[in-house]
Amino acid sequence: DAKGTIREIVLPKGLDLDRPKRTRTSFTAEQLYRLELEFQRCPYVVGRERTELARPRHLSEPQGR
């Protein structure tokens, strides 16, 4: 800090810096278009709705998040 004091940085317990990062999902233009339309209609999709949204777009359920 401004006084020259050294402070310890404390990271959240759930933060695993050694874990490899998940690869980012690539969506087609059609998938993005349809997901954006659905988001405008209902921004909070959960449970069965998420599965039903992902299936016809050939996405896994987590990708539909």
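Given a 1.4 Å probe and the protein chains as shown, THR28 ends up with an accessible area of around 70 Å². Taking every DSSP helix (H) stretch of at least 4 residues in the chain, weighting each as -39,500 (n - 2.57) and dividing the sum by the residue count yields a mean residue ellipticity at 222 nm of -9500 deg cm²/dmol. The C-alpha atoms of the chain define a longest principal axis, and helix 29-41 lies at about 90 degrees to it.
Where [x] 46, 18, 17; [y] 58, 25, 24; [z] 53, 24, 19 are the candidate values, the label of the one calculated here for Cα extents along the principal axes in Å is [y]. Taking packing as the residue-averaged number of other Cβ atoms within 10 angstrom, the listed peptides 9-22, 33-46 run from highest to lowest as 33-46, 9-22.
The values are calculated or read from the model by the stated rules, or taken from the named source; none is laboratory data. All figures in this text were calculated on a predicted structure; none of them were measured in a lab. Cβ: placed from backbone, ideal geometry, glycine included. Neighbour counts: every protein chain shown. Each accessible area value is taken on the protein alone, full model and side chains, heavy atoms only, with ligands, DNA and RNA left out. Shrake-Rupley method; radii C 1.70, N 1.55, O 1.52, S 1.80 Å.
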